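None of the figures in this text is laboratory data; all of them are computed from the coordinates on show. This structure is a prediction, so every number in the text was calculated from the model and none was measured. Methodologically, a virtual Cβ is constructed for each residue, glycine included, from the backbone with ideal geometry; neighbour enumeration extends over all protein chains shown.
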């Protein structure tokens, strides 16, 4: 049942329940997509989205906090850094394996701390008298038992307020245990406006305290890092399979199925591939400045997008052997993709999707739906910034507000020994001519149709209006939205934790996804929503006379 | 690695490894879900609301709205008053709720926001606003989710229940504790069948286990009405289920002290003995004969105990989770011939040993270890030390059970890795029957899988 409303009418429907002040703000966060006028020299003429702005109190946002972004998203998927959450118990408990990141220790002897949940479990007396002593003792205990190579400390809300200095504790404990790299994050939940602040805080500390400490060089001619891939549902495993098949060495993944040692040696690559631009672009930029490692944006969600991203890697290296091998791999993978598409596309073609996830998934997953012949008619991010919507060319025009200013911007300089220019400006220009923009990201909006509704930080009320007025065939979001959407007879696909399935990345992942969407959209339960006597008057009459 | 890790053994350690409790604001969010037309606002960082929603939603598989006052760094420095007021006005406008329950978090408690004063002085932006706003103090650094739950229920009663000189016979207040929606539904239909006018608080039997919606419901229908809570002072007595709850957090104690309603405290009716006692109380209140269909249910349960004794009698179990549920399940296990050799309350429950001593005076002679304020590492160590045939508690015990190679019977909160937590029935002969069946089947299945002989005749 496609919407009868025009985009503008739909927008007004979304806004009309709000008090004037709230409506004025949301009006700037709900944008009707319009492609830029090429005559305006490529400068943004329309489409400016208010993003990374404060959440309005009392409006049910999908967003989490800085701690969630730092601990849950960026550091959580690493298996051998021992994470201690400094604070009352809830925060540690809530982030205990809930993102369903997977990991695969090489042997039984290799440490895996991911299934644990360590906390200082602060009590009232710690809030009053300070929790540093308790934290130090907790670190003593954790090191005595688990002997980790690295240990990090995550600050929750009260920590900063009561003046506990996790960085001083980290320094002191590192002096006591010189073999253990100990570092802390000031990622209190109230920092910034969303998880995004926590990503930045995590990037900074890993960059200053971890990166460059090691000198592992995995064997291979083409060594790359994959940034912003968190191995939800085994996505990273599928990408590892594809990379290996292509002869590309994955030095480090930030941070799905990763280890501390890989982080320390992530500077030993020629190229950084950025998946989730929002959560990790800081790292990519800082690595380029310090080590001269260039980066470009990739997307391995969708079979076509995966093929395109692999080809970009081949072209970047410009090595025919690699290019041929990548083409051979794509040719080998594609028949199964096409067969799966032939099976599932007919029952999905022409249907619609809406996507409200994270800082990149709302963009990436559009490709998978597109491959099924489904159009994403409305989308938005939970915690992204303007560049994720409109492209990185708007970076210089983003106004830095007080909330963002509170998150440290690290000043980075080229490393005297390790800086090495990988691509000359001339080569960059050549690559650009081939369609490979280094350090570039076009954002979500240029790839969406005109008239699509872009909604930043979608809230509960707006999700309900969308369901009522647009009734898409499927809603891609998270578990918080899942059951309210399904109450209305629309399936919701969890794109944070994948409803315990996956992988969806790469080639095999695409096949899984096609089957999954078909299974959900065409599930038999939706046909039972209305009782027979509700939908058919004749039946109603016959029921009435039975017995 | 998981099998190689040595467990922390020294006493009094500071690091909590795999907690067996959640924080207090979660309990308040659950309690407020059982009030008609209510919305919860957590006063603190939005992460709390998001995490707690996710946790509750994954257990109940139902929509759960929890708003936040969404602190920023500036709010943390200058205080949360402006955000709280804006949040209340926005909720009021969007939901037109009958009640907003404001629960605090460690953030607002640490900076010392005086929520009560803000609410007292509040002038709603909408002069037509009719909703009641109340607050409960639930700092995450104190107690557990169970404490937050009890405190929120008490705050509802103390803020709403009116004074009355009238007492209505056959009117009953019921505080079931953190019961499942299905058990609450069962209680309600039971009281109805017995002709009792019972107010169950909280009642999330519809809001957390409802059907699909024909039309959109901003706040799911169901829940205890505010009018019913206001009238609780006129009840003949309050039935409160629990063994270990702190009287200072008890709604029934408040009603007894401030509204003169007699409090009857008894354990949740799980197991034959506890159900007998419960029905005996109902008989005394109503003066009715014991219904024949209940006698039949009781008979079937005893029959099942007899049929199942070969599988359960003499077995040993570890039971863990919220103190009240642990005590309830320990009594049930003893009744079916299983010794709960580890009884572990995850929350810091003072006098849990004394509570258990009162229930099972010879627990030490029986070899039962009673623990409180412990995490899953403690529970696993204790369990490994004494050896058990199965574990029973929330799904968070899965890792320990797996490592110890024993089956797990999932009861309590949270159950995130199985379906139907909201529909789990434990209470009464019938509920006990289902729990007993599940327990026996779990043991049978474990034996069947372990032998590898392919027997289908157990």
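Data table
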item	result
Efficiency of FRET from Cβ geometry, residue B:212 and residue B:365, R₀ 45 Å, rounded to 0.05	0.25
Relative contact order computed over chain A (Cα-Cα under 8 Å; 6+ residues apart), in percent	19 percent
Reciprocal of mean inverse Cα separation for region A:329-413 (Kirkwood radius, Å)	16.0 Å
Inter-label distance for residue A:8 and residue B:306, nm, one decimal - labels placed 7 Å from Cα along Cα-to-Cβ	8.0 nm
Per-residue Cβ neighbour rank within 10 angstrom, fewest leading, B:93, B:300, B:21	B:300, B:93, B:21
Calculated FRET efficiency for the pair residue B:386/residue A:25, C-beta based, R₀ 45 Å, to 0.05	0.15
Relative contact order of region A:66-209, defined on C-alpha pairs under 8 angstrom at six or more residues apart (%)	36 percent
Helix-derived mean residue ellipticity, 222 nm - over chain B, DSSP H n ≥ 4, -39500 (n - 2.57), to 500	-13500 deg cm²/dmol
Label-reachable residues, region B:221-242, where backbone N falls under 18 Å from a point 7 Å from residue B:169's Cα toward its Cβ	B:234-238
Separation in nanometres of the label points that stand 7 Å from Cα toward Cβ, at residue B:288 and residue A:320	9.1 nm
Alpha carbon centroid spacing (whole Å) that separates region B:47-106 from region A:189-236	31 Å
Contact order normalised by residue count of region B:24-160, Cα under 8 Å, 6+ apart, percent	37 percent
Two-site label geometry, residue A:442 and residue B:162: point separation in nm, points 7 Å out along Cα→Cβ	6.6 nm
Cα-based helix-to-principal-axis angle, A:132-146 vs chain A, degrees rounded to 10	90 degrees
Per-selection Rg to Rh, the protein assembly as shown - Cα, Kirkwood hydrodynamic radius	0.97
Amide N of region B:49-75 lying under 20 Å from the label point, which is placed 7 angstrom from the Cα of residue A:401 along Cα→Cβ	B:49-50, B:68-75
C-alpha long axis of helix A:195-209 to longest principal axis of chain A, angle in °	20 degrees
FRET efficiency, 1/(1 + (r/R0)^6) with R0 60 Å, evaluated for residue B:448 and residue A:426 via beta carbons	0.30
Span from the region A:368-436 Cα centroid across to the region B:111-186 one, whole angstrom	48 Å
Alpha carbon convex hull of chain A, volume per residue in cubic angstrom	194 Å³
For the protein assembly as shown, share of DSSP beta bridges that run antiparallel, in % to the nearest 5	10 percent
Alpha-carbon spread of region A:139-262, three principal axes, descending order, Å	52, 36, 24
With Cα atoms, 0 to 90° folded angle of helix A:235-246 axis to chain A main axis	70 degrees
Amide N proximity, region B:314-341 versus residue B:441 label position 7 Å along Cα-to-Cβ, cut-off under 19 Å	none
